[in-house]
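Asker: I have a structure here, written as structure tokens, and I will follow up with some questions on it.
The values are calculated or read from the model by the stated rules, or taken from the named source; none is laboratory data. In this text, all values refer to a predicted model and were calculated from it rather than measured experimentally. Neighbour counts are summed over all protein chains in view; Cβ atoms, including those assigned to glycine, are modelled from backbone coordinates with ideal geometry.
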Amino acid sequence: MSNQHQSQFVHRLFSTIASHYDFMNSLLSLNQDNYWRNCLLEKLPLTCSHTVLDVCCGTGKLTAKIASRLGPQGKVVGLDFCQPMLDQAAALLSSHPNREAVELMCGDALALPFADHTFDHVVTAFGLRNLPNVQQPLAEMYRVVRPGGTVLSVELAKPSLPLLKQLYFFYFHHLTPLLGKLKMGRDGFYSWLPESLKAYPDQAEVAEYFKQTGFKQVAFYELTGGITAIHRGIK
């Protein structure tokens, strides 16, 4: 699949599942997705006055968590290329006590619509795997973060323990599409998850991409036995 066709396919997919996305995420992750986002925030050296970009913000769950930690001087921008997902984010954030600190924007992670060195930190949760490649969005995140700023990604990963690895891939290849079909009433929508995971590089490869982009102090942290991983780089 070409990069353009993949982008179009992913856009159609997320437009279709936007209203079910949070429910299915919690179901398929056995309610661990919230924990994984919290783990990312623990690695973020955030102060109440910082400006943060949440790339591929989806329904805004991470954006909302960041907003809760900001003060009047702080700001978080949630960016996604799928308007139906942003509509879900707007609904989630409409009653947030710090709604004034949040801006939602439709935009492309491969060509971020911001000047160089705009943000103190950049984060993404479960976004890189759905993009045509890892290098281009990392280069864009590097460009828009300020010197000394942190870029963090939490993403599904590839566990190394043999038994866990076998169970993990069995679950995603067989049970995930079935659960998706039961929810959506037809095939196809959740077959993308195992396909995208199969094509996504492993933890060490993603760390190498961070280094090649120019990030310093690159590290990754495995969660839940390597089912997910947080990657960190500092500009």
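Asker: In the range 89-118, what count of residues is obtained for those that are of a type in the set (A, V, I, L, M) and in a loop (DSSP other than H, G, I, E, B)?
Answerer: Within the range 89-118, residues that are of a type in the set (A, V, I, L, M) and in a loop (DSSP other than H, G, I, E, B) number 5.
Asker: Would you confirm, using the coordinates I've provided, whether residue 28 is closer than 23 Å to residue 137 by Cβ, touching a helix residue (DSSP H, G or I) at 6+ places or on another chain (Cβ under 9 Å) and hydrophobic (A, V, I, L, M, F, W, C)?
Answerer: When the stated conditions are applied, residue 28 does not pass them.
Asker: From 53, 30, 44, grab the single residue that is of a type outside the set (Ser, Thr, Tyr), over 18 Å from residue 94 (Cβ atoms) and in a strand (DSSP E or B).
Answerer: Criteria check complete, one pass: 53.
Asker: While we're here: Applying the selection to the range 147-165, what residues are modelled with pLDDT of 95 or more, over 18 Å from residue 125 (Cα atoms) and among the small types (Gly, Ala, Ser)?
Answerer: Within the range 147-165, 148 is the sole residue that qualifies.
Asker: Next question. Would you confirm whether or not the range 60-76 contains a residue that is out of contact with any Gly (no Cβ under 9 Å at 6 or more places or on another chain) and at positive phi?
Answerer: No, there is no match, as no residue in the range 60-76 is out of contact with any Gly (no Cβ under 9 Å at 6 or more places or on another chain) and at positive phi.
Asker: Related question: Being out of contact with any Cys (no Cβ under 7 Å at 6 or more places or on another chain) and outside any strand (DSSP E or B) is the filter here; which residues of the range 74-88 pass it?
Answerer: Selection gives 82, 84, 85, 87, 88.
Asker: Quick one: in the range 58-81, of everything that is in contact (Cβ under 8 Å) with a residue 60 or more places away in the chain and not aromatic (Phe, Trp, Tyr), which residue is farthest from residue 16 (Cα to Cα)?
Answerer: So the residue we want is 62.
Asker: Among the candidates 77, 55, which residue alone is touching a Ser or Thr at 6+ places or on another chain (Cβ under 7 Å) and modelled with pLDDT of 95 or more?
Answerer: 55
Asker: In addition: Among the residues of the range 119-146, what is the count of those that are more than 22 Å from residue 36 (Cα to Cα), modelled with pLDDT of 95 or more and not in a helix (DSSP H, G or I)?
Answerer: 3
Asker: So which of 101, 91, 111, 115 is under 14 Å from residue 54 (Cβ atoms) and either over 16 Å from the mean Cα position of the chain (by Cα) or among the small types (Gly, Ala, Ser) (or both)?
Answerer: Among 101, 91, 111, 115, only 101 is under 14 Å from residue 54 (Cβ atoms) and either over 16 Å from the mean Cα position of the chain (by Cα) or among the small types (Gly, Ala, Ser) (or both).
Asker: State whether the residues of the range 82-91 include one that is farther than 22 Å from residue 131 by Cα and in contact (Cβ under 8 Å) with a residue 60 or more places away in the chain.
Answerer: no
Asker: Hey, another quick one. For residue 55, only one of the following conditions fails: (1) buried (at least 21 other Cβ atoms within 10 Å of the Cβ); (2) out of contact with any Pro (no Cβ under 8 Å at 6 or more places or on another chain); (3) at negative phi. What is its number?
Answerer: Failing condition for residue 55: (2).
Asker: Considering only residues that are of a type in the set (Val, Ile, Thr), out of contact with any helix residue (DSSP H, G or I) (no Cβ under 6 Å at 6 or more places or on another chain) and either at pLDDT 95 or above or surrounded by 19 or more Cβ atoms within 10 Å (Cβ to Cβ) (or both), which ones fall in the range 178-226?
Answerer: Within the range 178-226, just 206 meets the criteria.
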